[in-house]
Each structure stands twice: as structure tokens, then as C-alpha cells.
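Report on the structure given below.
The values are calculated or read from the model by the stated rules, or taken from the named source; none is laboratory data. Here the structure is a predicted model, which is why all the values come from computation and not from measurement. Note that each Cβ is placed from the backbone with ideal geometry, even for glycine, and that neighbours are counted across all protein chains shown. Ligands, DNA and RNA are excluded from the accessible area calculation, which covers all protein heavy atoms including side chains. Shrake-Rupley method; radii C 1.70, N 1.55, O 1.52, S 1.80 Å.
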Amino acid sequence: MSRLWDTWKHWIAIPWVRWAVLPVLLLVLVFLVELLGFHAKQLSLPEEQRGKVPVTVEQVRREALTDQERGYTMTETDKQTAAALPAEQNIYRIRVSQGYTNKLALEMKHPNRESGLAVYTIKYHRADGMEGEGFSELDGRCMLEIGEDYTKIGERVDTILVMTDADIEVTGAALDNSVSLNGHRMLWMYAAALTAYLLMAGRHIIGRRLEVGFLIIGLAAGLVWVTAMPANTDLTWDDGIHFGNANALSYGTNKVEYSEAEYLLSQFAFREQWLDTTEDQAAYAQIIDELAEDTSEQTEYYTWELSDIGYATQSLGLWTGRALGLPLHSQIMLGRLGNMLLYVGICYAAIKVAAQFKAVMATIALLPTAMSMACSFAYDPTVIAFSLLGCSLFIAEMSRPDKRMDWKRGALMLAAFCIASFPKAVYIPMILLLLFLPKTKFADRRAHISFKVGVGLIFIIMMSSFVVPVFFVKGGGDMRGGADVNTAEQLSFVLHNPTAYAKVLTKNVAATSYDYLIGGTRTYLPYLATRLASSAPTTLLPLLNLLSLGLVFYVFFTDKHKEKGTKELKGSTKWWMLVAVGGIVVLIWTALYLSFTAVGSSTIAGVQGRYYIPLFLLAAAILSPRHIKNETNPVRYNGLVLGLNALILFGCIWVYLIASFWL
């Protein structure tokens, strides 16, 4: 045994074996797991039962069903009464004689329309179930534009019932036992396995440079997330609106002539299309690709704004896909990929330049809530990433008060805070942190004063662009908040009742602090949660959420590893950071009170926990206790933190995406 171990250590010590051969062997292993693990039952079937086999569909009335099929007993009188009335539903029975049913394919149509959604129910009886066992039930949705819908059964069944609305007709059915490799599932398995392997094989490098481990997880999980997201909208917060803006910018002109598909996606027109199989997703992609060819009547005039900087890489991705002649669903994927690469790249830079709190930053950046936005259309990832970069540089400078600041780092710090504030102006107060850099950071008194005057002027200009227009608004506001939203009247209410508003603000911040800080910022994915497949392992979600909560608190209080020559932050620095955080919180709530809340309301609408994520690094620096010492080997500590982050992230991807959209 010891000889085998020595041989193994000899081979893996060879660089080309460690970094080339073993990753290829992992790929082979994933292929075998997919083929023999997920398709074992199809492979065990006779040749004639593999593939897509048509079956006979028998339309029946409810009173003609057996009591077991119906789920309750009907007397002869009840049956006669029901037979005399029009059927409330169309019911179809399928008799199954083969050994296993992987998927059921149903063809449907509506007599008067060719678009929209047909909602139906499948009930099936397991052939190998216990005696007296009832029917299991699944819900299905068929896009009439496609006309065919697949449902994952994955059981040995003898009877299938399909129940539709009275105006929906099932015109055909087939049992599909094709041995078709699932590319998305294989990519998830390979990315997860490769991430685990690289974290282990490169543990000594990661022990010295945690940002390398973050980059491995961020790129691997981000790539899987981007490719597993359907080519649809309403999957994250306001992604249809963000897609519309990024797409308009990608044309590079104020007059935008876009396709019907682009318009429909920006209007969330396909939000009800919850497609859960690879076949359905492929058919849906073909539909939107065909709609993307029609640009006859879709024209819009778009005015560029400074806040659109948050869409830069998303627009670049969309433009690249269009320039390469790729179909729309591939353009969408490239747009999301651009967002993810920017986010991971800037967060990597933030961790790399950090003097301390590297594990905290990696954990914040890898929160599933943040990653879900980074892998979709949104400008929040730009805010989060550049906030981390700016705060990382600021904390590093304040941790080395006697070391002179390089002017390039000062400029980068200022640029990072500005870019973070362009998409969402409520984060502008972060810039004020630069006013508290000590004079020892500058070459002389003139440089010190010049820098702070420049920072002050930039703050005033940016704040003016945010605050001044509010005083000249007549009416206005976000209509998503309701018909009673009126920014001008709300501002008048606040100015005339400052004490009353202060009470409203304090009450709302306090009442939501637990939900927003603890519950709504880590594994909170509400839009994807509404699309979870019935077969998705949702029991994992509470465990992943609890693990994420424990990890956040763990790193907040134990991340004590510092670069050489770094000191603890002074109490005065933490107080100023707290003032900045408090100012931003007030601006967040006030902005939504003015633009999203009914006039005079005691409840502020529109605020979400994700708005706090850019503040987490400052909060961690403020809360970091001086008396806790962490003498854990950095190799073990970084490995534990990154390993748990990877586990949580890949777990969420599996439940929310792979097991819900790509069955």
C-alpha cells in the first residue's frame, strides 16, 4: 500500500501530470458518471424502448375514470349527473407497457390561438409502487408557440393521466427514453470537481494568495451560472429593464432598431414560460432566435447617461455576439458573460491589493445573491465590485498610516468609488472616506490639501447631480410603486415634517434589519425560487442558507491575517467609516421613499437587502474585534473559507438552475 502511495505522490509531483493529465481524467470521470449514473435505466431497456416512442392517447371523461385514477369515489348517480354536463377539463389517459419512462412529450394546441401558455397537470401511477398507492402529480406548462412540452417522469409507470383546460387539446404523446448527454449537468459536475481539485492541488499557493482561490471559484461557478441561465428575463431583479438598456447601448447609436424578441424580453413577455427540460429550453431558444429576425417595427430613441457605465461589458458582450452573427440566445449569454468577467476581475483585484480582510471580501463577492446578479443583466455587480475595490484600497492605506500613498493608488481609489456611485448615486458618501486619509500619506502639505480639495469638489459635483434635480421634479416617481407615488409631493412632506420622517426612517430601518442584513443578502434568489422544479432538491436550501450564515459570521470575526507591516484600524477611523455607512443607509431609504413610496406613507417601499452588500466590507472592518487572534495556518484557513464558499455556490447553482431548468 505504501508503495502505491509513493508511486502516486511521484506522479502527481510532475507538473504536466498535475495540471494537465488529472484535469482530463476528471473530464472522463464526469462523462462516465453522466452516462452510467444518470442514464443507467435507459441503457438497461431493450433497444426498441430507447429513443422517442409514440404512444396512444385516449380522451376520457372524469366519470369514466377508475376510483384510483380519480382519487375519490363516485356513485352511479354521480356519474350519470356528471355525464349530462359539459366537461370542465379535458382528460387524457396513456397506458404504459414499457419498463421505464424518463420523459413524457405532449403535443398540444388551442383551436383559436397559436401563442400563449397551456397549463396542465400530469398524474401517473408507479408500476412498482406499494399496493393501493395513489397517483403522483406534476404540473406542466406548454408554450403554444412550440406546441410540444416535455416533462421529467423518471419512474416505472403503468398509467399516465393528463388534465388540461377544456379549450386545450392534446394531439399526440410520446415516451422519450433517449440516451442524451446533459451538457449543463456535465459542465456543473466538471466545474465543481475541477474547482475542488484546484483548491486542493494549489492550496499552498492559495495559502499565500487567497485571491487565486477566489478567481478559480468565481470563474468556474460564474461560467456554469451564465450558461445555465435560460435566455429569458425576470430571473433576477429588474433584469428585463437592464437587458433593454444594455441592449440599446450595444447598438452604439441613439436610434435603436431592435427585434421583436429583444423588445419582448425587455418587457418580461416570457416571464411565465417556466421550461424545465433541455428539450423545452432548446425549442424556446429557437423561438426567440426566429423572433429576433424581425426588426420591422421596433424603433426606440435611447439617451446615454453616466449611470450606463454599469452596462459597459454587458453591452460589449451583446455587440460581440451580434457582430459574430450568433443567434440571440447566444448573444444574451455573451452579455451575461461580460458582466460576470468584469465582476470577478474587479473583485479579484480588490482582494489582491488588500492588506487585510481578504477572506471577508472573497465571501462577500461569492455570495449567491451577488453572483446571481453578476451572471445576469444588472448594474449592481459594478457597484459591489468597485465598492470592494475602493474600500479595500482605503482600508489598506489606513492600516499603514506611516507609509506614503502612491498617487496611482490614490487615483485608483477615487476612480473606484466614483464608478461604484455612477449607477447608484446613493453610494456617493463613500468618496468622503478619502477626506480622512492622514497627512502622512502625502508627500507634502500641498499634495495633502490638493487631494482633499479635489475629493471634496468631486463629491459636491456628484451629489449635486443626484440631489438638485429632485427639487425641480414636478410629480414623477417610479410607477412600479403605485399610483400614489409622487416625488415632488413626497419631498415637500419630508421637508415640512422632518421629525415625522425621521421616525418613519428609523422605524423601517430597525424593523427590516434582520431580514435585510441576515436573510436577504446571501442565498436570497426570489425570482429563481418561484421557478423551482418539483423534483429539485429544495431540502438543501435551508442547509445552504444556514451554512452561508455561519460562514459570514465566522469570517467577519476571525479574518485576522494581515500583510506584513499592517496595523489594526484606529477607533477614529472606524467611527468615520460608521458615519459613511450610516449616511449611505439613510440615502438608500430616502431615495426609495421619494421615488417608490406613496406620499406620507409610514412604510418605505422598494428597499431590498441586496442594497446593503456594498457596505459589508466596511461593516466587517468596523466590527472586527481586536481581542480575537487567529493563528490558524493560512493554508488551512483559506482552504476552509474558500471550500465552504464553493460548496454553497455550487449547491445553489444545482438546486436553482441545473435541477430546475435542465432536467
Of residues in region 642-651 being touching a Phe, Trp or Tyr at 6+ places or on another chain (Cβ under 9 Å) and of a type in the set (A, V, I, L, M, F, W, C), the one farthest from Lys358 (Cα to Cα): Phe650
Answer residue from region 490-533, given it is assigned to a loop (DSSP other than H, G, I, E, B) and within 22 Å of Thr590 (Cα to Cα) and is most open to solvent (accessible area, probe 1.4 Å) among those: Asn497
Of the criteria (1) at pLDDT below 85; (2) under 36 Å from the mean Cα position of the chain (by Cα), which one Gln68 fails: (2)
Test for Asn102: is it of a type in the set (S, T, N, Q), modelled with pLDDT of 90 or more and either touching a Leu at 6+ places or on another chain (Cβ under 6 Å) or closer than 25 Å to Glu148 by Cβ (or both): yes
Pairs where the first residue, in region 533-549, is closer than 21 Å to Thr277 by Cβ and free of Cβ contacts under 8 Å to residues at least 24 places away in the same chain and the second is in a helix (DSSP H, G or I) and not hydrophobic (A, V, I, L, M, F, W, C), C-beta under 6 Å, 6+ apart: none
Considering residues of region 130-158 that are in contact with a strand residue (DSSP E or B) (Cβ under 9 Å, 6 or more places away or on another chain), in a loop (DSSP other than H, G, I, E, B) and under 24 Å from Gly99 (Cβ atoms) only, the residue most open to solvent (accessible area, probe 1.4 Å): Arg156
The one condition in (1) at pLDDT below 85; (2) under 19 Å from Lys424 (Cα atoms); (3) not charged (D, E, K, R) that Gln490 fails to fulfil: (2)
Among (1) touching a helix residue (DSSP H, G or I) at 6+ places or on another chain (Cβ under 8 Å); (2) open to solvent by less than 10 Å² (accessible area, probe 1.4 Å); (3) modelled with pLDDT under 95, the one test that Met371 misses: (3)
Single condition Leu45 does not satisfy, out of (1) out of contact with any strand residue (DSSP E or B) (no Cβ under 7 Å at 6 or more places or on another chain); (2) assigned to a helix (DSSP H, G or I); (3) open to solvent by less than 70 Å² (accessible area, probe 1.4 Å); (4) modelled with pLDDT of 80 or more: (2)
Residue, nearest to Asp67 (Cα to Cα), within region 105-138, restricted to residues that are touching a Leu at 6+ places or on another chain (Cβ under 8 Å) and hydrophobic (A, V, I, L, M, F, W, C): Phe135
From Lys560, Lys507, Lys564, residue being at pLDDT 90 or above and of a type in the set (Lys, Arg): Lys507
Cβ-Cβ under 9 Å pairs, at least 6 apart or on other chains, region 398-420 side farther than 18 Å from Met577 by Cβ and part of a loop (DSSP other than H, G, I, E, B), far side open to solvent by 20 Å² or more (accessible area, probe 1.4 Å) and hydroxyl-bearing (Ser, Thr, Tyr): Asp402/Thr440; Lys403/Thr440; Arg404/Thr440
Filtered residues of region 48-63 (kept if farther than 30 Å from Ala87 by Cα and either among the charged types (D, E, K, R) or part of a loop (DSSP other than H, G, I, E, B) (or both)): Glu48, Arg50, Gly51, Lys52
Test: Glu631 is touching a residue at least 12 places away in the same chain (Cβ under 8 Å) and charged (D, E, K, R): no
Residue that is over 18 Å from the mean Cα position of the chain (by Cα), open to solvent by less than 30 Å² (accessible area, probe 1.4 Å) and at pLDDT 90 or above, where the choices are Val581, Val552: Val552
Residues of region 132-153 satisfying the condition of being β-branched (Val, Ile, Thr) and under 15 Å from Ile94 (Cα atoms): Thr151, Ile153
Subset of region 396-413 (residues that are of a type in the set (A, V, I, L, M, F, W, C) and either closer than 19 Å to Ala312 by Cβ or open to solvent by less than 10 Å² (accessible area, probe 1.4 Å) (or both)): Ala396, Leu412, Met413
Failed condition for Asp234, given (1) in a helix (DSSP H, G or I); (2) within 30 Å of Tyr611 (Cα to Cα); (3) open to solvent by 10 Å² or more (accessible area, probe 1.4 Å): (1)
Complete set of residues in region 162-220 that are open to solvent by 60 Å² or more (accessible area, probe 1.4 Å), among the charged types (D, E, K, R) and not in a helix (DSSP H, G or I): Asp165, Asp167, Glu169, Arg209
Among residues of region 421-437, those that are assigned to a helix (DSSP H, G or I) and open to solvent by less than 50 Å² (accessible area, probe 1.4 Å), counted: 10
Tally, over region 536-549, of residues that are assigned to a helix (DSSP H, G or I) and surrounded by 16 or more Cβ atoms within 10 Å (Cβ to Cβ): 5
